[in-house]
Amino acid sequence: MATEIGHFIGGQTVASKSGNTSPIYNPTTGEIQAACALASKTEVESAISAAEKAFPEWSSANPQRRARVMFKFKELVEKDMDNLARMLSSEHGKTLPDARGDVQRGLEVVEFACGIPHLQKGEYTESAGGGIDVYSMRQPLGVVAGITPFNFPAMIPMWMFGVAIACGNTFINKPSEKDPSVPMRLAELMMEAGAPEGVLNVVNGDKLAVDTLIEDPRVKALSFVGSSDIANYIYAEGARHGKRVQAFGGAKNHMIILPDADMDNVVNQLIGSAYGSAGERCMATPVAVPVGEGTAERLIEKLVPRVQTLKIGPSMSEDSDLGPLVSGPHRDRVKAYIDMAIEEGQELIVDGREFSLQGYEDGFFMGGTLLDHAKPEHRSYQEEIFGPVLQIVRAENFEEAIQLPSKHQYGNGVAIFTRNGSAAREFAQRVNVGMVGINVPIPVPVAYHTFGGWKRSGFGDTNQHGPEGVKFWTKVKTITQRWPEDVQGSEFVIPTMD
Ligand code: NAD
């Protein structure tokens, strides 16, 4: 029988009693390697109770103490990097170096959160009125939860709990049922780092677990990252239940290539951002937009041999460019989008549908695919494919190139490649997308800035990590104080500061 991954509640691993599980595959071999428990309502409630019990002590711990736990956690995760990367790669299918990057990008948010004594400082105004001082403080919210996707099982939980816990909240992570082992291990390491029991909990589960988190009044805030329909659902339902919610969704990021761009550099960057992690990144580049006459031909000439020679291999091999997709049904969905694109009239330049890796015929592999002449009205262009598929949409001029990502339903990231500073500047100012790269293909902001897409890529008004993260995970209290030496007279008119 496959090992069952349970939950992490109140400082320890607990076996699930729900009787429901979901299979965890090794995408390289296609075999089931473990089972993920799907929590019952009672199990989720016990995690909420554990977090609620831990809150008074943790929220009143001084900020240096919370920071020290984060410093220690960072050290422990660094020591455990190889183990975490192997666990991650074997369940997700991304290559080992990419899995290390997943852990590292999460750790950068933890590094940021180590500065919490400074970040959570309030503001003070002396003598705002006669003998009156005004100050504000940022207090934690209470029990909070993060619902995370399969594609970054280390980075995205750390984006959330790194900042939330440092701010004094107690946290429940509901990871993806496809790759729950890394979030479970991170919770163990957080305990080892000195966080009290119940500060970081993990409940594995499906919609039932998520709905319990949404409905329980003890949970004060929800952070979600995943696909857009579910992000929208969580945003609406969370708000209906009176919670603070941020919910990030899908993406269809464009790379705009102006005629003056260095085409060798463009191709080097594009090949990694379109096909790395088998295209299963919310900041991948599944759309290339060559602008002006002849640019598409120059791009295609250099790109095709690179797509044809991508090194597709077992996820654990150090030198694969990309590994398998996360599951069989997901790979079939990606292939169905390629069929759709062909029916819509796109030209199939490189076909990855029939790819099979010798010795791993049951793995969820597919080859890199390149399609030309995608059009804005094509459904396969409008929707997120989330696989190793790059679509070329040709734009006649700069204006058309700005309009393509601006009018798309998603607005996560976009990149422009050019040598023209004023064109790049105008593009960055005008484009209707949340994160912009200028000669940078995957513009994921560093931890001390902030991550968040626009339109159907992001619901809510506060981003992940950076100062915005501290804002999301805390509420402001403002105090107006006076220490009069004499008895004050009554006032019937609203006080003003003359
Ligand atoms: P998903 O939406 O299927 O699942 C995300 C989480 O929601 C998981 O924990 C899952 O168990 C839970 N969930 C699934 N169905 C649910 C339902 N009906 N009700 C409540 N909860 C439910 O997403 P995924 O396949 O794990 O991840 C890939 C998606 O995430 C892609 O669309 C990708 O673009 C997006 N993503 C976005 C960002 C971003 O920052 N914008 C980052 C990473 C991934």
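Go through region 447-456 and give me each residue that's touching a helix residue (DSSP H, G or I) at 6+ places or on another chain (Cβ under 8 Å) and open to solvent by less than 60 Å² (accessible area, probe 1.4 Å).
Ala447, Thr450, Phe451, Gly452
Restricting the first residue to region 74-95 and requiring it to be under 24 Å from Val163 (Cα atoms), which pairs with a second residue that is surrounded by fewer than 16 Cβ atoms within 10 Å (Cβ to Cβ) meet a Cβ separation below 6 Å and a spacing of at least six or different chains?
Leu76/Glu192
Return the residues of region 221-233 that are near the ligand (Cβ under 10 Å from one of its atoms) and either of a type in the set (A, V, I, L, M) or part of a strand (DSSP E or B) (or both); say none if nothing qualifies.
Phe224, Val225, Ile230, Ala231
Does region 328-341 contain any residue that is assigned by TED's automatic domain parsing to the domain that holds Arg425, over 22 Å from Pro97 (Cβ atoms), of a type outside the set (S, T, N, Q) and in a loop (DSSP other than H, G, I, E, B)?
Scanning region 328-341, I find no residue that is assigned by TED's automatic domain parsing to the domain that holds Arg425, over 22 Å from Pro97 (Cβ atoms), of a type outside the set (S, T, N, Q) and in a loop (DSSP other than H, G, I, E, B), so the answer is no.
Mind checking which residues of region 197-220 are within 15 Å of the ligand (Cβ to nearest atom) and part of a loop (DSSP other than H, G, I, E, B)?
Val203, Asn204, Gly205, Asp206, Asp216
Picking from Ile342, Ile385, Ile349, which residue would you name as being crowded, with 21+ Cβ neighbours inside 10 Å and either among the hydrophobic types (A, V, I, L, M, F, W, C) or without any contact (Cβ under 8 Å) to a residue 60 or more places away in the chain (or both)?
Every option except Ile385 fails the conditions.
Tyr360 fails exactly one of the following numbered conditions: (1) more than 24 Å from Gly101 (Cβ to Cβ); (2) open to solvent by 60 Å² or more (accessible area, probe 1.4 Å); (3) assigned to a loop (DSSP other than H, G, I, E, B); (4) not charged (D, E, K, R). What is the number of that condition?
Going through the list (1) more than 24 Å from Gly101 (Cβ to Cβ); (2) open to solvent by 60 Å² or more (accessible area, probe 1.4 Å); (3) assigned to a loop (DSSP other than H, G, I, E, B); (4) not charged (D, E, K, R), Tyr360 breaks only (1).
Of these, Ala236, Ala278, Ala274, which one is modelled with pLDDT of 95 or more, within 16 Å of the ligand (Cβ to nearest atom), part of a helix (DSSP H, G or I) and open to solvent by 30 Å² or more (accessible area, probe 1.4 Å)?
So the residue among Ala236, Ala278, Ala274 that is modelled with pLDDT of 95 or more, within 16 Å of the ligand (Cβ to nearest atom), part of a helix (DSSP H, G or I) and open to solvent by 30 Å² or more (accessible area, probe 1.4 Å) is Ala236.
Checking Val143 against (1) within 12 Å of the ligand (Cβ to nearest atom); (2) under 22 Å from Leu38 (Cβ atoms); (3) in contact (Cβ under 8 Å) with a residue 40 or more places away in the chain: exactly one of these is not met. Which one?
(1)
Going by the structure shown, is Asp332 more than 30 Å from Val210 (Cα to Cα) and open to solvent by 10 Å² or more (accessible area, probe 1.4 Å)?
When the stated conditions are applied, Asp332 does not pass them.
Report whether or not Leu270 is over 30 Å from Lys178 (Cβ atoms) and outside the structural domain of Pro23 (by TED's automatic domain parsing).
No: the conditions fail for Leu270.
Identify the residue in region 167-196 that is within 30 Å of Gln64 (Cβ to Cβ) and of a type in the set (Gly, Ala, Ser) and, among all such residues, is farthest from the ligand (Cβ to nearest atom).
Among those that are within 30 Å of Gln64 (Cβ to Cβ) and of a type in the set (Gly, Ala, Ser), it is Gly194.
List, please: which pairs have Cβ atoms under 6 Å, are six or more places apart or on different chains, and start with a residue in region 477-495 that is closer than 12 Å to Gly129 by Cα and end with one that is not aromatic (Phe, Trp, Tyr)?
Thr480/Val134; Gln481/Asp133; Arg482/Gly131; Arg482/Ile132
Results for (1) open to solvent by 20 Å² or more (accessible area, probe 1.4 Å); (2) outside any strand (DSSP E or B); (3) closer than 30 Å to Lys178 by Cβ, shown as yes or no for each residue.
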site: Lys94; (1), (2), (3): no, yes, yes
site: Gly106; (1), (2), (3): no, yes, yes
site: Glu111; (1), (2), (3): yes, yes, yes
site: Tyr124; (1), (2), (3): yes, no, no
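Mind listing just one residue for me: the one in region 284-306 that is in a loop (DSSP other than H, G, I, E, B) and surrounded by fewer than 23 Cβ atoms within 10 Å (Cβ to Cβ) and, of those, nearest to the ligand (Cβ to nearest atom)?
Gly292
Scan region 421-440 and tell me whether some residue there is more than 16 Å from the ligand (Cβ to nearest atom), at pLDDT 95 or above, surrounded by fewer than 22 Cβ atoms within 10 Å (Cβ to Cβ) and assigned to a strand (DSSP E or B).
yes
Among the residues of region 458-471, is there at least one that is open to solvent by less than 20 Å² (accessible area, probe 1.4 Å) and away from the ligand (no atom under 15 Å from the Cβ)?
Scanning region 458-471 turns up at least one residue that is open to solvent by less than 20 Å² (accessible area, probe 1.4 Å) and away from the ligand (no atom under 15 Å from the Cβ).
Suppose we filter region 10-56 for residues that are among the small types (Gly, Ala, Ser) and open to solvent by 30 Å² or more (accessible area, probe 1.4 Å); how many remain?
Selection size over region 10-56: 6.
Give me the pairs, please: first residue somewhere in region 447-473 and in a loop (DSSP other than H, G, I, E, B), second residue anywhere and more than 12 Å from the ligand (Cβ to nearest atom) and among the charged types (D, E, K, R), beta-carbon distance under 7 Å, and either six or more positions apart or on two chains.
Ala447/Glu108; Ala447/Glu111; Thr450/Glu468; Thr462/Glu468; Thr462/Lys471
Take the conditions at pLDDT 95 or above, in a helix (DSSP H, G or I), more than 15 Å from the ligand (Cβ to nearest atom) and aliphatic (A, V, I, L, M) and apply them to Ala164. Does it pass?
Yes: the conditions hold for Ala164.
How many of the residues making up region 239-271 are of a type in the set (Gly, Ala, Ser) and away from the ligand (no atom under 14 Å from the Cβ)?
3
Mind listing just one residue for me: the one in region 126-140 that is of a type in the set (S, T, N, Q) and in contact (Cβ under 8 Å) with a residue 12 or more places away in the chain and, of those, least open to solvent (accessible area, probe 1.4 Å)?
So, considering only residues that are of a type in the set (S, T, N, Q) and in contact (Cβ under 8 Å) with a residue 12 or more places away in the chain, the one least open to solvent (accessible area, probe 1.4 Å) is Ser136.
The values are calculated or read from the model by the stated rules, or taken from the named source; none is laboratory data. In this text, all values refer to a predicted model and were calculated from it rather than measured experimentally. Ideal geometry is used to build each Cβ from the backbone, glycine not excepted, and the neighbour counts take in all protein chains shown. Surface accessibility is based on the protein's heavy atoms, side chains included, excluding ligands, DNA and RNA. Shrake-Rupley method; radii C 1.70, N 1.55, O 1.52, S 1.80 Å.
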